[in-house]
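Asks: Here you go, one structure.
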Amino acid sequence: MDRREFTKKTVKTAIAAGLVISSPSGLFSKQSSKKKILGLAGSPRKQGNTDTLLTTLLDAAHKEGAETEKIYLIDHHIQPCLMCEKCHENGRKPCFQKDDFHFIAEKMVAADAIVIASPVYWITVTSSVKLILDRAYSLINQSLAVSLTTCNSILNGKTGAIIVCGNSKDTQTYGEPLANTINHFYRWMGIQLAGKIVASAGFVKGEVADNEIVMNQAVELGKKLAVSG
Ligand SMILES: Cc1cc2nc3c(=O)[nH]c(=O)nc-3n(C[C@H](O)[C@H](O)[C@H](O)COP(=O)(O)O)c2cc1C
């Protein structure tokens with residue numbers, strides 16, 4: 001039995017026993033009253049600046065008693081949204097494309113709070129993050145053609161947070177536009193923004209660790225999510 005089969009079998013057994021909400025490998029426990037915080041790591045550079053801030057946030061939340069989980073989007077195969085609208089034909093349906101989006105969507109559904117973390121790539125999110133935002137269109141309850149002013153989704157009522165890391169010191173020009181993109185996504189999904197960090201993080205992998213101000217912001221945001229979820 002290979003590792004994937006083993007994980008599948010273990011998770012199936014756990015689900016049958018009512019221990020977890022999601023599958024596969026949904027590690028958030030069902031009975032626990034702890035806040036469940038999911039971090040979506042959007043940089044292809046593991047242990048880079050974005051990952052450093054996200055890990056700091058999740059560690060702080062964990063210390064405050066939350067359950068935390070981090071997913072590296074780069075490890076997953078996700079196709080683009082085709083805007084075929086099959087997901088909104090006769091009520092909302094799961095996206096018909098068979099790929100890792102469903103695994104991540106299940107994790108999002110199981111979480112109380114979602115943290116989307118992305119470095120700035122040409123004043124926008126990385127392509128890994130963009131694929132998640134676009135495919136989450138299938139989680140919205142109605143087609144955007146129907147609900148023109150407001151929207152909700154199966155993520156309605158969750159809390160959201162944003163981490164953005166750019167090289168430029170001009171975070172207003174380079175970081176804020178993509179924080180706005182993620183916040184716009186949250187609004188349409190019915191997710192309440194709890195806080196954002198828009199960091200001038202530098203270029204070198206992990207150098208943001210020397211930036212005491214933003215590192216503290218990550219700790220504080222983690223603590224806040226652990227309480228408010
Ligand atoms: C393709 C690419 C495009 C980038 N575009 C920008 C940009 O428009 N503005 C900016 O401030 N930094 C830009 N950067 C720099 C990264 O955002 C920055 O170094 C960040 O700290 C990297 O985060 P990471 O360590 O998590 O990967 C770019 C980097 C790459 C590779």
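Asks: Take the alpha carbon gyration tensor of the range 36-228, find the square roots of its eigenvalues, order them as a ≥ b ≥ c, and report rounded if a/c is under 1.5; if not, report prolate when a/b exceeds b/c, else oblate.
Replies: On the way: a/c = 1.81, a/b = 1.56, b/c = 1.16.
Prolate shape, in that a/c is at least 1.5 and a/b is the bigger ratio.
Asks: Then there is this: Quick check on packing: order 200-209, 40-49 by the mean number of other C-beta atoms within 10 Å, highest mean leading.
Replies: Ranking the peptides 200-209, 40-49 by packing returns 40-49, 200-209.
Asks: Next question. Local charge sum around L131 (other residues, Cβ-Cβ under 12 Å, Lys/Arg +1, Asp/Glu -1)?
Replies: Numbers: positive: K130, R135; negative: D99, D100, D134.
Here the count lands on -1.
Asks: Starting from the amide H of S153, placed 1.01 Å from N in the peptide plane, find each other amide H under 5 Å away whose residue is 5 or more places distant or on another chain.
Replies: N141
Asks: From the backbone phi of the range 90-99, what are the Karplus-calculated ³J(HN,Hα) couplings (6.51 cos²θ - 1.76 cosθ + 1.60, θ = phi - 60°) in whole Hz, Gly and Pro given as x?
Replies: In residue order, the calculated couplings are 6, x, 6, 10, x, 4, 6, 6, 8, 7 Hz.
Asks: Among residues other than V164 whose Cβ falls under 10 Å from its Cβ, what is the net charge (Lys/Arg +1, Asp/Glu -1)?
Replies: In short, 0.
Asks: Right, here's the next one. In what sequence, highest mean first, do 111-120, 159-168, 72-81 appear when ranked by Cβ atoms within 10 angstrom? Write out the running numbers ahead of the final one.
Replies: Details: 111-120: 26.5, 159-168: 24.4, 72-81: 15.0.
Listed from highest to lowest mean packing, they are 111-120, 159-168, 72-81.
Asks: Considering only the other residues whose Cβ falls under 9 Å of the Cβ of V227, what net charge follows from Lys and Arg at +1 and Asp and Glu at -1?
Replies: Working: positive: K35, K223, K224; negative: E64.
That sum, taken over residues with Cβ under 9 Å, equals +2.
Asks: OK, next. Which entries of K130/K158; K35/K196; K34/K205; K34/K107; K34/K70 have Cα-Cα distances beyond 23 Å here?
Replies: Details: K130/K158 20 Å; K35/K196 18 Å; K34/K205 33 Å; K34/K107 16 Å; K34/K70 16 Å.
Cα-Cα > 23 Å for K34/K205; rest within.
Asks: Would you please give the residues with an amide H less than 5 Å from that of T68, counting only those at least 5 places away or on a separate chain, with H modeled from the backbone geometry?
Replies: Close amide H contacts, sequence-distant or interchain: I37.
Asks: So what are the ³J(HN,Hα) numbers for the range 69-75, from phi and the Karplus equation (6.51, -1.76, 1.60; θ = phi - 60°), rounded to whole Hz, Gly and Pro as x?
Replies: 8, 10, 10, 7, 4, 4, 7
Asks: Taking the Cα centre of each part, how many Å lie between the range 147-189 and the range 80-131?
Replies: 14
Asks: So, one more: Using the Karplus curve 6.51 cos²θ - 1.76 cosθ + 1.60 with θ = phi - 60°, what ³J(HN,Hα) values do you get for each residue of the range 126-141, in whole Hz, with x for Gly and Pro?
Replies: The phi angles translate into 5, 5, 4, 5, 4, 4, 5, 4, 5, 5, 5, 3, 6, 8, 6, 6 Hz.
Asks: Can you give the FRET efficiency to the nearest 0.05 for V204 and N180, using r as the Cβ-Cβ distance and R₀ = 35 Å?
Replies: Details: r = 27 Å, r/R0 = 0.76.
Once rounded, the FRET efficiency stands at 0.85.
Bear in mind these aren't lab numbers, they're just calculated from the coordinates by the rules spelled out. Every value quoted in this text rests on a predicted model; they were computed, and no experiment measured them. Every residue, glycine as well, gets a Cβ built from its backbone with ideal geometry; the counts of neighbours run over all protein chains shown.
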